[in-house]
Amino acid sequence: MDTTTDTTPLRAVALVCTLSPSPKRSSAQLLAEQTMAALGDHGVTGEVIRIADHDVKPGVQTDMGDGDAWPQIRDTLLRSDILVLSTPIWLGHPSSHAQRVLERLDAELGESDDEGRMLTYGKAAAVCVVGNEDGAHHVSAELFQGLNDVGFSLAPNAVTYWVGEAMQGTDYQDLDETPEKTAATTRTLAANTAHLARRLKAAPYPPSS
């Protein structure tokens, strides 16, 4: 009998795809942490991983060998119910680290459970985007398609973002306070994504033929 309820604990992992390693400040990290805090209001716990701090090898396999850090990150992801992917905008596109995460997730197309379902089928995903030019919708569209292709489900309004005015240098992390529109969007993302993750936990997708 299913015992999943609206208070069933959930796990999330946020993969931050800033190009800068720690301890450098990062707007993508800040928005990911705010999103994780908002998810915490819905019984979700987890961790934030900055991809630039780890030796994630290029490739499309679950383990590229030779010190590849992806297998450990993948284990954390597979133990989680929710994936949050956070990226800055560079030249109108997701960062190269975000692209690398999607390329590594491509390996999930060849992984399945005993009923033929991809191991990611029961997981929800959401996206955070920051930048100083317009382009958040384009970037989220790229990430949504990639995440869906490799088995993740996305709730309505599964993106939160902030973009500054064009041709200026203010970063999200340098704002005096979080804009209410972004904060409200983050809260909606958290509520809808936690809801979807619980529904997937309670009612898995049917076996794949």
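A probe of 1.4 angstrom, applied to the heavy atoms of all protein chains, finds Arg117 with accessible area near 40 square angstrom.
With K and R counted +1 and D and E -1, the other residues having a Cβ less than 12 Å from that of Leu147 yield a net charge of -3. Entry note, segment 6-64: relative contact order of 46 percent, from Cα contacts under 8 Å with a spacing of 6+ residues. Note on Thr8 and Met167: the extension gain reaches 52.7 nm, defined as 0.36 nm multiplied by sequence separation minus the Cα-Cα distance. Ligands, DNA and RNA aside, Lys24 has an accessible area near 120 Å² when probed at 1.4 Å. A straight line joining the Cα centroids of segment 86-161 and segment 34-72 runs 13 Å. Averaged over its residues, segment 1-136 has an accessible area of 46 Å² per residue, based on protein heavy atoms and a 1.4 Å probe. Using a probe radius of 1.4 angstrom, the carbon and sulfur fraction of the accessible surface of the chain is 51%.
A full extension of the chain between Ala141 and Ser20 corresponds to an added length of 41.2 nm, given 0.36 nm per residue minus the alpha carbon distance. For Val56, nonlocal amide neighbours, meaning residues 5 or more places apart or on other chains whose placed amide H falls under 5 Å from its own, are Ala69. Between the helical axis of 180-202 and the longest alpha-carbon principal axis of the chain there is an angle of about 10 degrees. Please state the relative contact order of the chain as a whole percent: Cα pairs under 8 Å, 6+ residues apart? Worked out over the chain, it gives 25 percent. Between the amide H of Ala155 and those of Ala125, distances stay under 5 Å, these residues lying 5 or more places away or on another chain, with hydrogens modeled in the peptide plane.
Both radii were evaluated on the Cα set of segment 1-126; the Rg over Rh quotient, with Rh as the Kirkwood radius, amounts to 0.98. Measuring nothing but how far apart in sequence close Cα pairs (under 8 Å, 6+ apart) lie, relative to its length, segment 123-209 scores a relative contact order of 36 percent. Among 45-55, 31-41, the peptide with the highest mean count of other Cβ atoms within 10 Å heads the list, and the full ranking is 31-41, 45-55. When both bridge partners sit in the chain, DSSP labels roughly 5% of those beta bridges antiparallel.
Annotation: amide H-H contacts under 5 Å for His93 (H modelled 1.01 Å from N, sequence separation of 5 or more, or interchain): none. The calculated 222 nm mean residue ellipticity attributable to helices in the chain amounts to -11000 deg cm²/dmol, summing -39500 (n - 2.57) over DSSP H runs of n ≥ 4 and dividing by all residues. Note on segment 85-209: percent of Cα-Cα distances in each 5 Å bin, starting at 0 and stopping at the bin with the largest distance, equals 2, 11, 18, 20, 18, 13, 9, 5, 3, 1, 0. Suppose R0 equals 25 Å; then what is the FRET efficiency for Glu177 and Leu91 from their Cβ-Cβ distance, rounded to the nearest 0.05? Computed FRET efficiency for Glu177 and Leu91 comes out at 0.30.
The values are calculated or read from the model by the stated rules, or taken from the named source; none is laboratory data. The model shown is predicted, which means the values in this text are computed figures rather than measured ones. Counting neighbours? That spans all protein chains shown, and the Cβs are built from the backbone with ideal geometry, glycine included. SASA here: full protein model, heavy atoms, side chains in, ligands and nucleic acids out. Shrake-Rupley method; radii C 1.70, N 1.55, O 1.52, S 1.80 Å.
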